[in-house]
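> One structure is given below, represented as structure tokens, and several questions about it will come after.
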């Protein structure tokens, strides 16, 4: 029997978050590959784990303390001991650390970019350094897996990644797990109908816009924003100033958000930037109609099956509505329209059906096909095509 190839996955930690959930979902569905590969997972930071991985995967717990230098040093030592045949990293720090740790070893490494890189890195002195590191590391990867076509375009246009070295694989949505958790008792005591949103309380999520739009919509519902972050105090002050303290709830991190989503009237996503909006598709899987901004990147691909730049104004979509970013009036109008019947029920049904295109099995297979392809000798001019043909578009 041929010796199994060793594959090393790398991520900052398994604290609660979208990238962490995606990685553990993929690993949890990877049993069909365990006979071919010896799978390892490196966690750069010693943090409490919100997600579990299968027992057959070997986990190496490092302790880099959120520092890039320590991440590189510790990961390079691990790579030296393990000598993986290929590595695949998630999140920017892990991506850069993996690039350095694998350098000079003659082994392929891949990265999975979870965010719209330009929007995520922002501006300022720190961002200049971060952008330089991304421009250095990402083009050298054997392949970059982005979460949406918008992220692909950003990496090609702004970070020097060759078009034929990057492709999009949409994040997987575990419908069975979501259905099981959605059926559990609701962990929040909420009277009456409510609109729900979820995400870190940070500027890019733009929950301030949602509070303004909710106030302008005239809806009699409550608004629930699940998540925690540095914008809490500012949002609380905004809510109080609008006299909405009794109608807008900020419950913080909710261990089972699906039980809350499943009982809502609609889902709102007011973001200025996304990589691939997990929460949007998960809400759709719970049967929620949605109102989302046409931000970079992902919402237009999910809701309208169109590139972002081709959607200029507010637009009705089967699952709800897509509106321009930072447009309070358009968001408020969309909330009113999608919340009304019979449109709400029709959009809810369309949302659930659309979410089925983002299944776990499809995404997991596409990830492993990319790893398989990376293990093949690099093509040269005139060489035959790869035995692992892959679409460059988003996984459906």
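> Name the one entry in 8, 88, 75 that is in contact with a strand residue (DSSP E or B) (Cβ under 8 Å, 6 or more places away or on another chain), within 30 Å of residue 204 (Cα to Cα) and buried (at least 21 other Cβ atoms within 10 Å of the Cβ).
Numbers: 8 fails: within 30 Å of residue 204 (Cα to Cα); 75 fails: within 30 Å of residue 204 (Cα to Cα).
Step by step, each of 8, 88, 75 is checked, and only 88 is in contact with a strand residue (DSSP E or B) (Cβ under 8 Å, 6 or more places away or on another chain), within 30 Å of residue 204 (Cα to Cα) and buried (at least 21 other Cβ atoms within 10 Å of the Cβ).
> Scan the range 307-339 for residues that are out of contact with any strand residue (DSSP E or B) (no Cβ under 7 Å at 6 or more places or on another chain), crowded, with 18+ Cβ neighbours inside 10 Å and farther than 17 Å from residue 272 by Cα and jot them down.
The answer is 317, 333.
> Now a separate question. Among the strands (runs of 3 or more DSSP E) lying completely within the range 34-122, list those that include at least 1 residues that are within 23 Å of residue 144 (Cβ to Cβ) and free of Cβ contacts under 8 Å to residues at least 60 places away in the same chain. Even if it seems obvious, please write down each step before you answer.
Values: elements: 37-43, 58-61, 86-90, 109-113.
So the answer is 37-43, 109-113.
> Consider residue 61 carefully, then state whether it is buried (at least 16 other Cβ atoms within 10 Å of the Cβ) and farther than 30 Å from residue 203 by Cβ. Spell out the reasoning first.
Details: buried (at least 16 other Cβ atoms within 10 Å of the Cβ): no; farther than 30 Å from residue 203 by Cβ: yes.
Taking the combined requirement at face value, the residue does not satisfy it.
> Additional query: Are any of the residues in the range 16-32 surrounded by 20 or more Cβ atoms within 10 Å (Cβ to Cβ), in contact with a strand residue (DSSP E or B) (Cβ under 6 Å, 6 or more places away or on another chain) and more than 26 Å from residue 255 (Cβ to Cβ)?
Within the range 16-32, none of the residues are surrounded by 20 or more Cβ atoms within 10 Å (Cβ to Cβ), in contact with a strand residue (DSSP E or B) (Cβ under 6 Å, 6 or more places away or on another chain) and more than 26 Å from residue 255 (Cβ to Cβ).
> Output yes when any residue across the range 229-243 is without any contact (Cβ under 8 Å) to a residue 24 or more places away in the chain and at positive phi, and no when none is. Give the derivation first.
Pass one, the range 229-243, residues without any contact (Cβ under 8 Å) to a residue 24 or more places away in the chain: 233, 236-237, 240-241, 243.
Among the residues that remain, those that are also at positive phi are: 243.
Scanning the range 229-243 turns up at least one residue that is without any contact (Cβ under 8 Å) to a residue 24 or more places away in the chain and at positive phi.
> Still on this structure, please answer the following. Restricting to the range 136-171, name every residue that is modelled with pLDDT of 90 or more, farther than 23 Å from residue 310 by Cα and surrounded by fewer than 19 Cβ atoms within 10 Å (Cβ to Cβ).
Within the range 136-171, 139, 140, 160, 162, 164, 165 qualify.
> Moving to a separate point now. Between 229, 287, which is in contact with a helix residue (DSSP H, G or I) (Cβ under 9 Å, 6 or more places away or on another chain), at pLDDT below 95 and either surrounded by fewer than 20 Cβ atoms within 10 Å (Cβ to Cβ) or under 29 Å from residue 114 (Cα atoms) (or both)?
Values: 287 fails: at pLDDT below 95.
Just a single option satisfies the conditions, and that option is 229.
> Could you pull out the residue among 22, 15 that is farther than 24 Å from residue 105 by Cβ and in a loop (DSSP other than H, G, I, E, B)?
On the way: 22 fails: in a loop (DSSP other than H, G, I, E, B).
That would be 15, the only listed residue that is farther than 24 Å from residue 105 by Cβ and in a loop (DSSP other than H, G, I, E, B).
The values are calculated or read from the model by the stated rules, or taken from the named source; none is laboratory data. Predicted model only: the values in this text are computed from it and were never measured. Cβ: placed from backbone, ideal geometry, glycine included. Neighbour counts: every protein chain shown.
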